[in-house]
Structures are given as C-alpha cells and as structure tokens.
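What follows is a set of notes on a single structure, which appears directly below.
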Amino acid sequence: MLLQGNEILQKAHKEFYGVGAFNFVNYEMLRAIFEAAHEASSPIFIQASEGAIKYMGIDMVVDMAKTMARSYPHIPVALHLDHGTSFDSCKNAIEAGFTSVMIDASHHEFEENLEITKRVVEFAHQRGVSVEAELGRLMGIEDNISVDEKDAVLVNPKEAEIFVKESGVDYLAPAIGTSHGAFKFKGEPKLDFERLQEVKRLTNIPLVLHGASAIPEYVRESFLSTGGDLKGSKGVPFDFLQESVKGGINKVNTDTDLRIAFMAEVRKVANNDPTQFDLRKFFTPGIEAMKKVIVERMHILGSAGRI
Ligand code: G3H
Ligand code: 13P
Ligand code: ZN
C-alpha cells in the first residue's frame, strides 16, 4: 500500500535521517528503487515529474507503483508528484492516486506562491495527501556572490516561517545552493548550511533537498569509460549530503545519478557487442548499477535499516 508522504517524513524528521526520493521514468528505474529499498531495509519516496507522467501515462505510473508496493509490503513508500507546476497538475495526480504532491510555484512572487500552495494544501489534505512546496531559486552560488545577491536567490528563513504557518504545507524545499542536473557548481561546491539550520529552527517541519545528485567518481568514470562526455560535471559531495541531513533535510531528491549510472551500462553493452539488440541485455546491468548507487545513498542518508 502506498503511504501518505507525511507518514514517512514525520518519522525521518523526529529521528533525524534523510529519505531518498528517487525519480523514475520506466519500469526498470522503479524496479531498481524497490530492489535497493529491500536490500537496504529503507523507506523510499518514488517520484514522477510531469515529463515522466507524460511519457508513461498517469494511470501506468500509479498502477506500476501500486503493483510494486504490493510486491514489497514491508517497504514504507509514498508516490510523489515532482515539481507540479499548477493546481490542476497536483489535482490530477491526487485524483489518479498519488499520495504526495509538490506544488512548485517558487518562480512566482511570495504572495502568489503562498496562494497557489494554500489551494493545493486544502484540496490535498481533504483527500489524505501530503504537500511539498518550494521557496527560493534552485541555482548554484558562486564564491564571489554578494550577500544581497545571495538573499535574492536563496530561501529567506523568516519568509519560510510565515509561509509554512500560513500555507499548512507538510514539507518545504528551501533553496540553499543546489541545482538540478550534472553541472551544479562552477568552482568548489558550496551550500548555505547556516541558512538551512535557520529554516529548520523557524519551521520545524521536514525539509527537502532538490538537486541532490552527487555524481560519485565511480559513476562518472563508468560513464566516461564508454566514451560518454560529462565535461565540467560536479555533484553534491557525500559529506555535504550528510551535513544537510544534520541541518534538517529529510527528503533527498535524486535523479541525475540514477540516469548516469544506468546509461553507462547501456553504453557499455552497445560498445562491447554491436550485434546485441535484446533490450534485457542492456537494461539488466543498468538496473544493477542503479541499485548500487541507491543502496549506497540510503546508507549515507541514514535511512538504511529503518524498517
Ligand atoms: O527535477 C527534475 C527531475 O530530475 C525530473 O526531470 O523533468 O526531465 O523528468 P524531468
Ligand atoms: P538531481 O538532478 O540532482 O538528481 O535532482 C533531482 C531533483 O531535484 C528532482 O526533483
Ligand atoms: Zn527538483
């Protein structure tokens, strides 16, 4: 059975660990996430973006998630809409069977973000679904950024306090210097942990880290060894992930690492055997590589062994 997102995150919030929220766009990714959760005895968030929903079809997403959850009844799992861009997008996901939604109105002014989020919260809570919202802009912070520039981009802790109180949102994604994809930092990785701690102190709810892929060296190497190009790529170092969890992060969004790990294996098979066209020969090692990354992440975030 799919659990309400808040059931999983309230426990993580009280016991100070992070739960991986892993994106999927097909059966293979979903299977890797569940097999990893089983191996590491960890709760999980499985999440689909609007793009993933468009690709798979919303009923397929929900049916696959429910079927997998039935096969692993001991694993606490929530099905989450990642970056819902409108009230209607969240409503559709809730009506289809998602148990958690993100309304991402962070590009709007504060008041408008608050209004849209309130509407989603009201609709979702009446139906037993949890809601995530975002404050600030997801982008890397450079070494020479001024205090004013930083304040314009990253979450404002006082605003976060008001936003959480007034919206009734269940968990919040505060921008603290991460960004999506494989190219997160130009210079040395840098996150604003003090700001994170202040948001946690003032809101006291589960917090979410977007753009949390680490691009571990062995994953990058594996991709490069197949002739792949990841020039200039840089992820969030493992110790930063742990520092984030210490600072109050409880949901850790991860997609890019899974894609790179999977595709490196597909590329390897294609390079090594140009005559191969059996899909399973490409995807099986992809699933295994992805699983390894996820299990490792569960240990780093402290969710391993929690069930
Ligand atoms: O936050 C973005 C996720 O990685 C999903 O990406 O929109 O390409 O499915 P997508
Ligand atoms: P990454 O691109 O770092 O994996 O982030 C994924 C994410 O934030 C999904 O919402
Ligand atoms: Zn994200």
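The values are calculated or read from the model by the stated rules, or taken from the named source; none is laboratory data. As the structure is a computational prediction, the values presented were derived from the model and not from experiment. For neighbour counting, all protein chains shown are included, and Cβ atoms are generated from backbone atoms with ideal geometry for every residue, glycine included.
Computed quantities for the displayed model
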read-out: Cross-chain or 6+ apart pairs with Cβ under 6 Å, segment 174-193 first and at pLDDT 95 or above, then among the acidic types (Asp, Glu); value: 176/192; 177/192; 193/243
read-out: Given (1) loosely packed, with under 15 Cβ neighbours inside 10 Å; (2) away from ligand 2 (no atom under 14 Å from the Cβ); (3) of a type outside the set (S, T, N, Q), number of the condition residue 61 does not satisfy; value: (1)
read-out: Breaking point among (1) at pLDDT below 95; (2) surrounded by fewer than 15 Cβ atoms within 10 Å (Cβ to Cβ), for residue 141; value: (2)
read-out: Any chance residue 141 is away from ligand 3 (no atom under 16 Å from the Cβ), aliphatic (A, V, I, L, M) and part of a loop (DSSP other than H, G, I, E, B); value: yes
read-out: Filter result (in contact with a helix residue (DSSP H, G or I) (Cβ under 8 Å, 6 or more places away or on another chain) and on the phi > 0 side of the Ramachandran plot) within segment 40-88; value: 83
read-out: Some residue of segment 96-107 being surrounded by fewer than 14 Cβ atoms within 10 Å (Cβ to Cβ), within 14 Å of ligand 3 (Cβ to nearest atom) and not in a helix (DSSP H, G or I); value: yes
read-out: Candidates 245, 219, filtered to the one that is touching a strand residue (DSSP E or B) at 6+ places or on another chain (Cβ under 8 Å) and either modelled with pLDDT of 95 or more or part of a loop (DSSP other than H, G, I, E, B) (or both); value: 245
read-out: Residue among 35, 122, 50 that is charged (D, E, K, R) and within 16 Å of ligand 3 (Cβ to nearest atom); value: 50
read-out: Residue among 153, 147 that is without any contact (Cβ under 8 Å) to a residue 24 or more places away in the chain, more than 19 Å from residue 254 (Cα to Cα) and surrounded by 15 or more Cβ atoms within 10 Å (Cβ to Cβ); value: 153
